[in-house]
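Here's the structure, in structure tokens; my notes come after.
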Amino acid sequence: MIKLTIDGHTIEARKGETILQAARRNGHYIPTMCYLSKVKPIASCRLCVVEVEGADGFILSCQAPALDGMEVRTNSPELFGHRQNIMKLYDVNHPLECGVCDKSGACDLQNKTLEFGVDSQEFSAREHKRDLRKWEFIGYDESLCILCEKCVHVCNEVIGDDAIEIHYGGYNSRIQPKGTEELECTNCGECIAVCPVGAMISTDFQYRANAWELERVPATCAHCSGGCALNYERKYAGALEKSDPKIYRVTNEFEFTTLCGAGRFGYDFENRVQSRDEEAFERAVEAFRKADSIRFTSRITNEEALILQRLKERHGYRLVNHDARNYAKFLESYATIVGKTLFNGSLESLADADGIIVVGTRILTDNPAVRYHMTMASKRHNARIVYMHPMEDRQMQNVVTQFVKYEVGTEEGVLAMLARTLLEGAIDVKKIESFLNDLDEGYLSAESNVGEEELETVRNSLKRCRRIALVVGEDCINHPRASQIAKLAALFERFGGISVLPVAPKTNTLGVGLVCDLDEECTGYTIGYNAPGDFVLSSLGEGDLDMPALNQQEGTFTTLDKRVVPTNAALPYRGYTLSEIANALGLENRYTIDFTEQLPEEKGFEAVRFDDIPFHFSNSEGEVRGYRLRRMKHAVDSTLEEVEELPEFNGPILYRCDPVLQFGPQTERTSQLGKEEPVLQGSQQFAMAARLKEGMRVKIRLEEVEMERVFTIDPELKGTIALNPTFDLGLSEDSLSSLYRFSQSKIEVVGQPNE
């Protein structure tokens, strides 16, 4: 730490911090227009200049490092005049349409024009024709753009799409798609969030509401295990507040958090129930009284999971959730190697890594939060990123430095060889060392198609890295040999000091796996909670008793980052809840959030009331939300099984994988994301192997689930693996959540092109 003076106050700063960072963290205001804390300093606005004792002229505080003994002034008549002139230049020919601009009331240009007293204009410039562009969810109004470059930098340095750029043309400069006519990106909408004016806009939100009319409800995204913070911004639909509110948009605290397009645009998945169906409730209670099993998904809160566990303890139900059980078993095997529960990886350590290995996941669509932190590692630390998977992902090419293609099903052999390569000389347990030395590397290499030279390239690529992270995906967690794969992954933490992050497949997979004692299969009469059953409770509106959706509930999720984070109800729900059913069956807690402080401490949770869980952001602490699970001691068993004979997948293969922005029934039913048609995507090579043509309608059967798809050829795909989505299957999606994602299923043609 160093000491410096800002406006007469002595403050402490971390070595390497800029003046602006130190000032913000200590509560000193310096105006900015282009600064964004999660990207490198842009330095385009010049508003952040300060005076430093002994230095000539103004100093850019966003770039200049804070030095020991430095004396800084953030305000003076000269600084005020400089900033006022900058704002006058920004205001030249800026359209006076604040009354209809979507940013009005939350506009940096508006605020700083007032702050610096710009009430007249001495500058002028000849105006040019300015275009209005619309790219699906995102619109761009060139006339409102101030060219701060925030959108360009966040797209490149955080999202990783690198889809937009500045067209330099003096006064005619503008933002444009990079290398294409139309915008080709993942539609995260983060460019909308960071835009300080109304230039980047949501095409759905445009002209629908003013910022001051909207009530902000802080919550947690319910779509994936990233658990990103967001704000549901709602407004009462009618003139009177007796009418139901409606969510008009989602925003985020973009200085500290990032959202994908599913979180930003897929918000209206609520279950609109106008009255309580007492007869259906009585039937539900009766169904529970005669039930033998409860089958449910991981798209529930920790509190609901605890209710189900308490019902099991009282009534002896079998609790079945294949997705969470597989993940819990994976972590149990992992713990036997490292001697602790959970894992050491986190999103923070991933963003801080200078070397990353990704195995068993199509991470761009599986978990955007992980992808964003990988991008940050790449851009901030020039991280070496090794991407290992049977399918190359073209959209990850901006950050991936080495792609290693392995054969489907060989994840166990690949991780064993990787451990032998990277942990050589680091293992001090004889039987583990013997296990790795005794590997039949020739056989594993031949069957997995990962050669010794490729592994040596990985070793050399990561040799100088000091902060390495290993990302382990759902292909490994749901693999038939997941237990052994978990132990192999744990070797990297125990002996390599590598941060290991197993990516939980669904919203609250980790929380459910910790809270519930899960059984293998259902028997007898079965209750389904957002899953198939003899009596179904559903937040999708297609069951025997309606339940609230996750944007209509209070409670907590446990994220892949091992954080227990709160979420709040954005919309009212007038039907019955799981807590009310539990009360009728003998549990005594009145509200669902009464269970928050009862979450099991022996599993790492804290005995804290829901209303006492923090949820705020600050310049000094960043994101302060929820709490981190504690890792507990676990018995060690260093036994590793011999690598099993690796499976062979010949012919056309299907890979269960949803497209960008789709995460299941919730996103599929939203107004903006629900227009997407599920298609089977394959390469020309796959089409030949499966004897399919572009536009054919096919029928696919996986386990007991049958689906129809239109087949399309994607020229970017290679090999004989096709991407098969499941987001449109409703309650049936749960039936596939525990399966290994690659399969060889019969594909039946049921319709020719154009039929």
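The values are calculated or read from the model by the stated rules, or taken from the named source; none is laboratory data. Since the structure is predicted, the reported quantities are computational estimates derived from the model, not experimental observations. When we count neighbours, we look across all protein chains shown, and the Cβ atoms used for this are built from the backbone with ideal geometry, even at glycine. Just so you know, the surface numbers come from the protein's heavy atoms only, side chains and all, with ligands and any DNA or RNA stripped out. Shrake-Rupley method; radii C 1.70, N 1.55, O 1.52, S 1.80 Å.
Placing +1 on the Cβ of each Lys and Arg and -1 on the Cβ of each Asp and Glu in the chain, which of 540, 747, 515 has its Cα farthest towards the positive end of the resulting dipole?
With unit charges placed on the Cβ atoms, the residue in question is 515.
Along the charge dipole of the chain, Cβ charges K/R +1 and D/E -1, which of 437, 529, 496 sits furthest on the positive end?
496
Let me know the shape class of the stretch 146-233, please: from the alpha-carbon gyration tensor, a ≥ b ≥ c as square roots of the eigenvalues, rounded when a/c is under 1.5, otherwise prolate if a/b is greater than b/c, or oblate. Write down the numbers at each step before the final one.
Values: a/c = 2.36, a/b = 1.46, b/c = 1.62.
Verdict is oblate for the stretch 146-233.
Round to the nearest 0.05 the FRET efficiency obtained for residue 276 and residue 115 when R0 = 41 Å and r is the Cβ-Cβ distance. Don't skip to the end; give the middle numbers.
Details: r = 51 Å, r/R0 = 1.24.
With a Förster radius of 41 Å, E is 0.20.
Mind giving me the nanometre distance, one decimal, between the label points for residue 402 and residue 73, set 7 Å out from Cα along Cα→Cβ?
Distance between label points: 5.5 nm.
How do 166-177, 502-513, 51-62 rank on mean C-beta neighbours within 10 Å, highest first? Could the numbers behind the result be given before it?
On the way: 166-177: 13.3, 502-513: 28.5, 51-62: 15.0.
Ranked by mean Cβ neighbours within 10 Å, highest first: 502-513, 51-62, 166-177.
May I ask you to work out the translational diffusion coefficient for the stretch 585-708 at 25 °C, viscosity 0.890 mPa s, via Stokes-Einstein with Rh from the Kirkwood sum over Cα pairs, reported in whole µm²/s? Each step should come with its number before you reach the end.
Details: Rh = 21.5 Å.
Here the translational diffusion coefficient equals 114 µm²/s.
Tell me which residues come under 5 Å, amide H to amide H, from residue 624 once H is placed; ignore anything under 5 positions away on its chain.
Sorted by chain and number, the residues that satisfy this are 616, 617, 618.
Heavy atoms only, probe 1.4 Å: what % of the accessible area of the chain goes to carbon and sulfur, would you let me know? Working shown, then result.
Working: 13750 of 31110 Å².
Carbon plus sulfur share of accessible area: 44 percent.
Less than 15 Å Cβ to Cβ from residue 728, Lys/Arg counted +1 and Asp/Glu -1: what total charge do the surrounding residues give?
Values: positive: 656, 669, 675, 697, 699, 709; negative: 542, 658, 668, 676, 677, 706, 708, 733, 734.
Result for the local shell: -3.
So what's the projected area for the stretch 282-384, the Cα convex hull averaged over all directions, in nm²? Could the numbers behind the result be given before it?
Details: hull surface 37.0 nm².
The directionally averaged projection comes out at 9.2 nm².
Among 67, 446, 308, pick out the residue whose Cα is farthest towards the positive end of the charge dipole of the chain, where Lys and Arg carry +1 and Asp and Glu carry -1 on C-beta, about the Cα centre.
67
Quick one: accessible area per residue over the chain, 1.4 Å probe, rounded to a whole number of Å²? Walk me through the numbers before you get to the answer.
Values: 31110 Å² over 755 residues.
I get 41 Å² per residue for this part.
Between the stretch 586-651 and the stretch 467-544, what's the alpha-carbon centroid distance in Å?
12 Å
Mean residue ellipticity at 222 nm from the helices of the chain, using -39,500 (n - 2.57) per DSSP H segment of n ≥ 4 over the full residue count, to the nearest 500 deg cm²/dmol? Write out the running numbers ahead of the final one.
Working: 22 runs with 195 residues, N = 755.
It comes out at -7000 deg cm²/dmol, rounded to the nearest 500.
I want the local charge near residue 628. Using Cβ-Cβ distances under 11 Å, sum +1 for each Lys or Arg and -1 for each Asp or Glu among the other residues. Kindly include the intermediate steps, with their values, before the conclusion.
On the way: positive: 562, 563, 625, 630, 631; negative: 348, 561, 606.
Neighbourhood net charge equals +2.
Starting from the Cα gyration tensor of the stretch 329-429, take the square roots of the eigenvalues, sort them a ≥ b ≥ c, and report rounded, prolate or oblate (rounded when a/c is under 1.5, otherwise prolate if a/b is larger than b/c, else oblate). Display every interim value, and only then the final one.
Details: a/c = 1.56, a/b = 1.31, b/c = 1.19.
Prolate.
Mind putting a number on the dipole of the chain about its Cα centre? Charges go on the C-beta only, +1 for Lys and Arg and -1 for Asp and Glu, and I need it in Debye to the nearest 20. The partial results should precede the final answer.
On the way: 85 positive and 117 negative charges, 235 e Å.
For the chain, the charge dipole is close to 1120 debye.
Can you compute the label reach from residue 749? Point 7 Å from Cα along the Cβ direction, backbone N cut-off under 13 Å, restricted to the stretch 677-708.
Under 13 Å, as judged by backbone N against the label point of residue 749, lie 687-699 of the stretch 677-708.
By per-residue mean of other Cβ atoms within 10 Å, what is the highest-first order of 3-12, 651-660, 216-225?
On the way: 3-12: 14.6, 651-660: 18.8, 216-225: 23.5.
Ranking, from highest mean packing down: 216-225, 651-660, 3-12.
May I ask you to derive the FRET efficiency for residue 244 and residue 598 from their Cβ-Cβ distance with R0 = 41 Å, giving the value to the nearest 0.05? Intermediate results must be reported in sequence, preceding the final value.
On the way: r = 32 Å, r/R0 = 0.77.
Result of the calculation: an efficiency of 0.80.
In the neighborhood of residue 407, defined by Cβ-to-Cβ distances under 11 Å, what is the net charge if each Lys or Arg adds +1 and each Asp or Glu adds -1?
Result for the neighbourhood of residue 407: -2.
Might you report the magnitude of the Cβ-based charge dipole of the stretch 547-633 about its Cα centre, with Lys and Arg at +1 and Asp and Glu at -1, to the nearest 20 debye? Kindly include the intermediate steps, with their values, before the conclusion.
Working: 11 positive and 13 negative charges, 69 e Å.
Taking the Cα centre of the stretch 547-633 as origin, the dipole is about 340 debye.
Give the ranking of 746, 693, 38 by solvent-accessible surface, highest area first, calculated with a 1.4 Å probe.
Details: 746 165, 693 135, 38 15 Å².
Most to least solvent-accessible, the answer reads 746, 693, 38.
Counting residues in the chain as N, plug N into 2.2 N^0.38 Å and put the Cα Rg over that result. If you can, show how the numbers build up before the last one.
On the way: Rg = 27.3 Å, N = 755, 2.2 N^0.38 = 27.3 Å.
The value comes to 1.00.
By average Cβ neighbour count within 10 Å, what is the ranking of 678-684, 529-535, 697-703 from highest down? All intermediate terms of the calculation are to be shown ahead of the outcome.
Details: 678-684: 20.1, 529-535: 22.7, 697-703: 15.7.
Taking the mean over residues of other Cβ atoms within 10 Å, the ranking is 529-535, 678-684, 697-703.
Report the Rg/Rh value for the stretch 1-154, based on alpha-carbon coordinates and the Kirkwood definition of Rh.
Values: Rg = 17.5 Å, Rh = 17.2 Å.
Ratio of gyration radius to Kirkwood radius for the stretch 1-154: 1.02.
Give me the percent of DSSP beta bridges within the chain that run antiparallel, rounded to the nearest 5. Write down the numbers at each step before the final one.
Working: 57 of 96 bridges.
Approximately 60 percent, going by the DSSP bridge assignments.
Could you tell me the distance between the Cα centroids of the stretch 80-118 and the stretch 1-64, to the nearest Å?
23 Å
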